[in-house]
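So the structure is just underneath, and the comments pick up after that.
The values are calculated or read from the model by the stated rules, or taken from the named source; none is laboratory data. Keep in mind the model is a prediction, meaning the values are calculated, not measured. Glycine also receives a Cβ, built like all others from the backbone with ideal geometry; neighbour counts cover every protein chain displayed. Keep in mind that these areas ignore ligands, DNA and RNA; they rest on the heavy atoms of the full protein, side chains included. Shrake-Rupley method; radii C 1.70, N 1.55, O 1.52, S 1.80 Å.
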Number of protein chains: 2
Amino acid sequence: MPEQRANLYDAIPAELPQEMFSDLLTAGSVRIERILSRGQTSPASGWYDQDEHEWVLVLEGAAELTYASGEVVRLERGDYLNIPAHRRHRVSWTDPDQTTLWLAVFYR
Amino acid sequence: MPEQRANLYDAIPAELPQEMFSDLLTAGSVRIERILSRGQTSPASGWYDQDEHEWVLVLEGAAELTYASGEVVRLERGDYLNIPAHRRHRVSWTDPDQTTLWLAVFYR
């Protein structure tokens, strides 16, 4: 039986008191996640310092990533970039006035 | 140096005499590709029969996948599904009146 179809835009809540993370695919070497943000920054303190590489795409909204090196990258609709494992970074801003929809592909 | 940002919607040609495939990320275990279609079906004959699994998402436009089992799945904006390796399938229809933008994650 072929896998079921699902939709990326399903189950987007009207209110987002906190960021929402949903796994779309979990396989041995890869994990695909939808992330919804609305004004949040993350992590709460310090930096993401991940064992996996992360390819991340913003499909709606706007956000800023800050690297531990000080570099800031703004991401808007369609922007993507690759964050190598252990490159310390944080989500330093997301638009408070609209939902930011991220697609993140974590891989080793 | 952090990786450069790029945009998924860049370099979309006005005319698409054939499907257009662009690698967005190539890593050991994963490859992320943008595919643009406008009325094409593929492959030209027979079936895709891939060594890699493929997670595929339609971001714009509309398409139909047909599996060798006979099952047909229509995909529109936001629809995604996972095609296991060696599950024979083909793109049996894409909308001739608009560009269909696919994001495909191939993985092992």
Just one of the numbered conditions (1) under 16 Å from A:Ile12 (Cα atoms); (2) open to solvent by 30 Å² or more (accessible area, probe 1.4 Å) is not true of A:Arg108; which one? (1)
Unique residue being among the hydroxyl-bearing types (Ser, Thr, Tyr) and more than 8 Å from every other protein chain (Cβ to nearest Cβ) when the list is A:Tyr67, A:Tyr9, A:Tyr48: A:Tyr48
I'd like to verify a number: residues in segment A:24-44 that are within 14 Å of another protein chain (Cβ to nearest Cβ), open to solvent by 60 Å² or more (accessible area, probe 1.4 Å) and part of a loop (DSSP other than H, G, I, E, B), how many? 1
Condition (residue is within 24 Å of A:Gly78 (Cα to Cα) and aromatic (Phe, Trp, Tyr)) applied to segment B:12-33: is it met by at least one residue? yes
Does A:Phe21 meet the test of being outside any loop (DSSP other than H, G, I, E, B) and open to solvent by less than 30 Å² (accessible area, probe 1.4 Å)? no
Could you list, in sequence order, the residues of segment B:36-72 that are more than 25 Å from B:Tyr9 (Cα to Cα) and among the aliphatic types (A, V, I, L, M)? B:Ala44, B:Ala68, B:Val72
